[in-house]
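Here is the structure we will look at.
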Amino acid sequence: MNKKTNTIRQIADTIKGLKSAVIFTHVRPDGDTVGCAVALSRALSFLGIKNEMLNEGEIPERYGYLSGKDEFKRRPSFDAEAYILVDCSDETRLGGLSKFYQAGAGKHVTINIDHHIANTYFAQHNFVRERASNCENVAELIRTLGVKYDEDIANALMTGFVTDSGGFSHGDVDGDTFRAAALAMDGGADVALITYETMRRRSQAQTRFYLSVVSAVRYLLDGKLGVASVSQAQLEEYGLKPDATEGLVDFALTVDGVEVSVCLLEMKRGQYKASFRSRSVDVNDVAAVFGGGGHVLASGCMLFGDLEEVVDRVRYAVYQRL
């Protein structure tokens with residue numbers, strides 16, 4: 001791996017020299033990648049840098065309070081000078097946009113801003129620092145660019161702080177996280193609104209769905225591993241999209257004795273998206289067994305096979321690391 005790293009000042013200086021940029025976000029967008037893009041896009045606009053935000057799919061409705069949520073495009077509308085990727089550990093995290101990125105990377109300035117331990121340092125310019133959320137890295141970049149927060153930037157950054165930290169409850173939250181959040185609050189972020197919309201609000205259908213999943217969680221390895229599974233049939237039954245599963249993986253970690261929680265989301269027959277959370281086990285190492293990665297206590301990967309086979313493989317990988 002070519003770990004070509006840059007300081008945040010070097011990244012800021014590179015960005016200041018640009019006339020235009022597109023901001024790429026990862027597949028199945030969460031609050032962190034959306035918050036990074038919206039905040040950075042607004043900062044670039046303040047600097048007079050033409051820009052737009054990209055995602056291969058739809059941005060979840062729960063982020064509807066964000067100014068800019070509806071401005072994401074699935075393909076760029078102009079040939080920008082630079083490609084900036086936020087919250088992406090590698091190019092494949094772009095989903096359907098990965099081929100587009102790879103085809104143009106050699107002709108454009110490429111910038112990678114991320115917080116995952118599994119980052120592959122794929123761009124010409126890389127700023128990768130492990131933090132509770134990548135919005136902390138983007139917040140540092142925006143301050144280094146000399147852009148003052150407005151309410152839109154503050155709300156976008158706070159969205160990443162809140163969602164990727166589990167409401168400031170994860171083990172990688174530190175003093176820097178709260179200092180970054182305090183600056184966003186000073187800039188006008190509405191943390192009560194953000195917490196409600198992203199972590200508490202559920203429709204009646206989502207509530208019934210949630211209860212059906214958590215009531216069927218399996219507890220394996222003497223109760224140290226909790227496994228939740230979601231089928232496409234369940235989502236269809238309740239009229240929900242895959243983003244309705246966000247947060248389900250955290251449930252089992254609230255149960256006494258559980259050290260690792262995994263949520264298996266059926267993407268199509270024989271393919272499951274696995275999301276891992278842990279109290280102490282390195283689940284980045286677990287996910288890496290299956291070609292995935294992320295953080296020490298929060299990672300993900302794709303698994304193939306029928307459900308019981310997938311559960312057995314996960315159980316064995318976790319067993320080896322307990």
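Across all Cα pairs in region 135-180, the calculated P(r) in 10 Å bins from zero up to the longest distance comes to 27, 56, 17, 0 percent per bin. For region 114-222, what does the alpha-carbon gyration tensor say about shape, rounded, prolate or oblate, given a ≥ b ≥ c as the root eigenvalues, a/c under 1.5 as rounded, and a/b over b/c as prolate? Verdict is oblate for region 114-222. For residue 302, the solvent-accessible surface with a 1.4 Å probe is about 60 Å², rounded to the nearest 10. Please determine, in degrees from 0 to 90 and to the nearest 10, the orientation of helix 175-186 with respect to the longest principal axis defined by the Cα atoms of the chain, where the helix direction is its Cα long axis. Helix 175-186 and the main axis of the chain meet at about 60 degrees.
Against the chain, whose longest principal axis is taken from its Cα atoms, helix 134-144 shows a tilt of about 10°.
Give me the Kirkwood hydrodynamic radius of region 34-94 in Å, from all C-alpha pairs, to one decimal place? Provide the component values of the computation, followed by the final result.
Details: mean 1/r = 0.0803 Å⁻¹.
Mean inverse Cα-Cα distance, inverted, gives 12.5 Å.
Look at the dipole of the chain built from charges on Cβ: of 108, 304, 60, the Cα furthest out on the positive end belongs to 108. Need the list of aspartates and glutamates near residue 50 for cross-linking: C-alpha distance under 14 angstrom, and skip anything on the same chain fewer than eight residues off. Hits, sequence-local ones excluded: 71, 79, 81.
Taking 8 Å as the Cα distance limit and 6 or more residues as the minimum spacing, I'd like the relative contact order of region 193-322 as a percentage.
On the way: 229 pairs, mean separation 23.5, N = 130.
Relative contact order for region 193-322 comes out at 18 percent.
Taking the longest Cα principal axis of the chain as reference, the axis of helix 151-164 is set at about 30 degrees.
What the Kirkwood sum gives for region 1-121 is a hydrodynamic radius of 14.5 Å, with every pair of different alpha carbons counted.
Given a cut-off of under 8 Å on Cα pairs at least six residues apart, what relative contact order in percent is computed for the chain? Don't skip to the end; give the middle numbers.
Values: 645 pairs, mean separation 44.2, N = 322.
Averaging sequence separation for qualifying contacts and normalising by length gives 14 percent for the chain.
Per residue, the accessible area of the chain comes to 44 Å², computed with a 1.4 Å probe over protein heavy atoms only.
For Cα pairs less than 8 Å apart in space and 6+ apart in sequence, what is the mean separation divided by the residue count of region 64-198, i.e. the relative contact order in percent? Kindly include the intermediate steps, with their values, before the conclusion.
Values: 173 pairs, mean separation 25.8, N = 135.
Relative contact order for region 64-198 comes out at 19 percent.
Region 23-102 and region 255-298 have their alpha-carbon centroids 25 Å apart. Here region 241-322 is treated with +1 on each Lys and Arg Cβ and -1 on each Asp and Glu Cβ, and its dipole about the Cα centre works out to around 160 debye. Note on semi-axes √(5λ) of the Cα gyration tensor in Å: of the candidates [x] 29, 24, 19; [y] 47, 26, 18; [z] 32, 21, 19, the value calculated from this structure sits at [z]. When the residues 93, 201 are ordered by accessible surface, computed with a 1.4 Å probe over the protein chains alone, the sequence from largest down reads 201, 93. Taking a straight line from the alpha carbon of residue 148, these aspartates and glutamates sit under 14 Å away, with near neighbours fewer than eight places off in the same chain left out: 140, 186. Give the calculated FRET efficiency between residue 204 and residue 16 to the nearest 0.05, with a Förster radius of 41 Å applied to their Cβ-Cβ distance. The computed FRET efficiency comes out at 0.25.
Can you give the calculated 222 nm mean residue ellipticity of the chain, where each DSSP H run of n ≥ 4 adds -39,500 (n - 2.57) and the sum is split over every residue, rounded to the nearest 500 deg cm²/dmol?
Working: 11 runs with 112 residues, N = 322.
It comes out at -10500 deg cm²/dmol, rounded to the nearest 500.
Kirkwood radius for region 221-304, taken over all pairs of different Cα atoms as the inverse mean of 1/r, rounds to 13.0 Å.
Tell me the carbon and sulfur percent of the accessible area for the chain, rounded to whole percent, probe radius 1.4 Å.
Working: 6710 of 14280 Å².
It is 47 percent, rounded to a whole number.
Ordered by 1.4 Å accessible area with all protein chains kept, 125, 108, 115 run largest first as 125, 108, 115. Taking a straight Cα-Cα cut-off under 17 Å and skipping sequence neighbours fewer than 8 places away in the same chain, the lysines within cross-link reach of residue 273 are 241. Among 156, 216, 274, the largest mean-square fluctuation in a Gaussian network model of the chain, built with springs joining Cα atoms closer than 10 Å, belongs to 216.
The values are calculated or read from the model by the stated rules, or taken from the named source; none is laboratory data. Please read these numbers as outputs of a predicted model, since none were measured by experiment. All Cβ positions, even for glycine, are placed from backbone atoms using ideal geometry, and neighbour counts span all protein chains on display. To get the accessible areas, we keep the full protein, side chains included, count just its heavy atoms, and leave off ligands, DNA and RNA. Shrake-Rupley method; radii C 1.70, N 1.55, O 1.52, S 1.80 Å.
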